[in-house]
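Values quoted throughout were computed directly from the atomic coordinates according to the rules given, and no laboratory measurement underlies them. Treat the numbers as computed from the prediction; the structure is a model and nothing was measured. A quick note on method: Cβ atoms are made from the backbone with ideal geometry, for glycine too, and the neighbour counts reach across all protein chains shown.
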Amino acid sequence: MKKAVITGKQRTEIVEAADPVAKEDWAVVKVHVAPMCTEYKLFRDGHANAYLGHEAVGEVVEVAQPGRVALGDRVAVMPLYPCGKCALCLAGDYIHCQHMLDVEAFTGSKEGSGTYCQYIIKPDWLLAPIPDGVSYEHGGMACCGLGPTFGACELIMPDGFDTVLITGLGPVGLGGVINARYRGARVIGVDANPYRADLAVRLGAQTVLNPADADVLDQLRALTDGLGVTAAIDCSGVAEAQRLCIDALRRKGRMAFVGESGDLTITVSDDLLRKKLTLYGSWHYNLAGTPRIMRVIQDRADDLDTLITHTFPLDQAQDAFELQLTGQCGKVLLKPWE
């Protein structure tokens, strides 16, 4: 099979690799679409990597035994390789599993453990069916396109009475606009990138503010009758943006941290006790939420066409990475068979 690898600083190559082979309850999936995510940071910094990607959708093409999937099933591939047996996995919170499996130790090869390739291998319970009528491109948004902020919305539960602040309008934050608007909330975004600010407004954000404005907090309060937003989702991973969310929340507000970051100072008295804020960390969503996220995908097809701004064949992974570095894109897809 063909796969994309990072070989040096801002250098990608397409190489040949062995096809993965189904074993026990692990099935092989032909990758039709591989959404791109944070791997561009490895490309930017020159971290060589031969097993890129954690998002994919495709068709089951090999099984070793009867199980949860069959040949020809159209599936979205959930991330990582959790054990499937611990209390967290059994409760659907597999993303937090503390006993991740070693793909090479189980299958004899690491091939098929990334997604920027033509075939991958996964335990069958991590292959979610894509509803009839949903394209592979849209089905791929069940991972990091909509997934992180879907999980955040499952926690903060926005509705038509809420104003949700979303900081960081990269592909994940743009997915947050879709998720919050789907639940009826008013959305205010914060991002300095004009291209992505425009995408957010097209997806339903009321307005997008520039974090470089010295009075951005005052602007947020002016838009909320001086009280502040009722809920917030940070997708930037920037401490200053996370601090802005906390400061912009009104009393008894709810916030979900989605973006990875370093240090953030939280004052227990002022932020938690006096304001009675509820703060969540949200990496992904519980597996039981899969039918609900598929419903969002079915109902918001036009929004997904806006969120997905570029598609490249696998052979043009170099061009796709270079585009991501510019920030002039929403969600970018690779198609390994074109």
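Multiplying the residue separation of residue 264 and residue 310 by 0.36 nm and removing their Cα-Cα distance gives an extension gain of 13.2 nm.
Semi-axes of the equivalent ellipsoid for the range 204-279, computed as √(5λ) from the eigenvalues of its C-alpha gyration tensor and ordered from largest down, come to 18, 16, 12 Å.
The helix-only estimate of mean residue ellipticity at 222 nm for the chain, built from DSSP H runs of length n ≥ 4 each weighted as -39500 (n - 2.57), is -7500 deg cm²/dmol after division by the residue total.
Between the C-alpha center of the range 62-76 and that of the range 1-19 there is a gap of 27 Å.
Judged by the mean number of other Cβ atoms found within 10 Å, the most tightly packed of the peptides 255-261, 187-193 leads the ranking 187-193, 255-261.
Remark: the residue 104-residue 71 segment gains 9.5 nm on full extension, using 0.36 nm per residue and subtracting the alpha carbon distance.
Per residue, the convex hull spanned by the Cα atoms of the chain amounts to 131 cubic angstrom. Please report the spacing between the Cα centers of the range 227-283 and the range 81-139 in Å, no decimals. Each part's Cα centre sits 31 Å from the other's. May I ask you to derive the FRET efficiency for residue 96 and residue 278 from their Cβ-Cβ distance with R0 = 30 Å, giving the value to the nearest 0.05? It comes to 0.95.
Is the range 1-57 best put as rounded, prolate or oblate by its Cα gyration tensor, with a ≥ b ≥ c the root eigenvalues, rounded for a/c under 1.5, and otherwise prolate when a/b is larger than b/c, oblate when not? Judged from the Cα gyration tensor, the range 1-57 comes out prolate (a/c at least 1.5, a/b above b/c). Charged neighbours of residue 310, selected by a Cβ distance under 14 Å, balance to -2 (K, R count +1; D, E count -1). Based on alpha carbons, the Rg and Dmax found for the range 263-319 are 19.5, 55 Å.
Under a Cβ-Cβ cut-off of 9 Å, what is the net charge of the residues other than residue 227 that fall near it, where Lys and Arg count +1 and Asp and Glu count -1? Taking every Cβ under 9 Å from that of residue 227, the sum is +2.
Ignoring lysines fewer than eight residues from residue 275 along the same chain, the ones with Cα atoms less than 25 angstrom from its Cα are 252. For the range 147-281, the gyration tensor built on C-alpha atoms gives a rounded shape. Its axis ratio a/c (a ≥ b ≥ c) stays under 1.5.
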